[in-house]
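The values are calculated or read from the model by the stated rules, or taken from the named source; none is laboratory data. None of these values were measured; they are calculated from a predicted model. Here the Cβ is made from the backbone with ideal geometry for all residues, glycine too, and neighbour counts use every protein chain on show.
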Amino acid sequence: KKIVARVEVIVNGIDANSTMPGETAGDYFLYIGRLSREKGVPTLAQAQQKMREAMPLKIVGDGPLGADLRARFSGPQFLGYMKHGEELNNLIRGARAVVVPSEYYENCSMSVLEAMAFGRPVIGGNIGGIPEQIRDGVDGYLVEPGNSDALAQLMDKLAADPELARNMGINARQRLEEKYDLARHMQVLQALYEQLVGEKK
């Protein structure tokens, strides 16, 4: 007897009503997450060194590479671990873009969704579920994991063109509302439950 497994994918949700998008293009790049190699933080720090445009990079988080990164790179501003709250929200809201340079498989990155909620474009690693979240050239950019030269070029592009970053951020917010809003998430989840209950009757 052949068993056929059906897989339904329901993406993570975030409450769009609880976030107010930033009104300006922002004046720094932002990374939020663990300071570890698989997250691509060394690649990001190297990319900032290679940028032609001068724009600050703020790094929120801690991890096993924290001390090494602080010793090797003087460019980024290391803010350490920060709890979710208004201070972190304001950091996201004020960024030119959020960078998620992952170099290993991620399913549905919450860092990407949080950036989209605040109307910020995302530069994300072209790996795992990130390409499903970011439409390359529409609401952000995808970059080859581990490629600091390519990442620097994309950061330069957004640093040099605040209007482009602002428009991408607007697109990102619209995409969040259409696909990742918590209300939409609950609707899809409830519909699946009702369907499954109906099949069992």
(request) Consider Q174 carefully, then state whether it is farther than 26 Å from A54 by Cβ, surrounded by fewer than 16 Cβ atoms within 10 Å (Cβ to Cβ) and modelled with pLDDT under 95. (result) yes
(message) Yes or no: the stretch 74-91 includes at least one residue that is among the basic types (K, R) and at pLDDT below 95.
(response) yes
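One line per residue, one yes/no per condition, for (1) in contact with a Phe, Trp or Tyr (Cβ under 8 Å, 6 or more places away or on another chain); (2) surrounded by fewer than 18 Cβ atoms within 10 Å (Cβ to Cβ); (3) of a type in the set (D, E, K, R):
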residue: N107; (1), (2), (3): no, yes, no
residue: S111; (1), (2), (3): no, no, no
residue: F118; (1), (2), (3): no, no, no
residue: I123; (1), (2), (3): yes, no, no
residue: N126; (1), (2), (3): no, yes, no
residue: Y141; (1), (2), (3): no, no, no
residue: E144; (1), (2), (3): no, yes, yes
residue: D156; (1), (2), (3): no, yes, yes
residue: A160; (1), (2), (3): no, yes, no
(request) Could you tell me which of the residues V98, V60 is without any contact (Cβ under 8 Å) to a residue 60 or more places away in the chain and surrounded by 15 or more Cβ atoms within 10 Å (Cβ to Cβ)? (result) V60
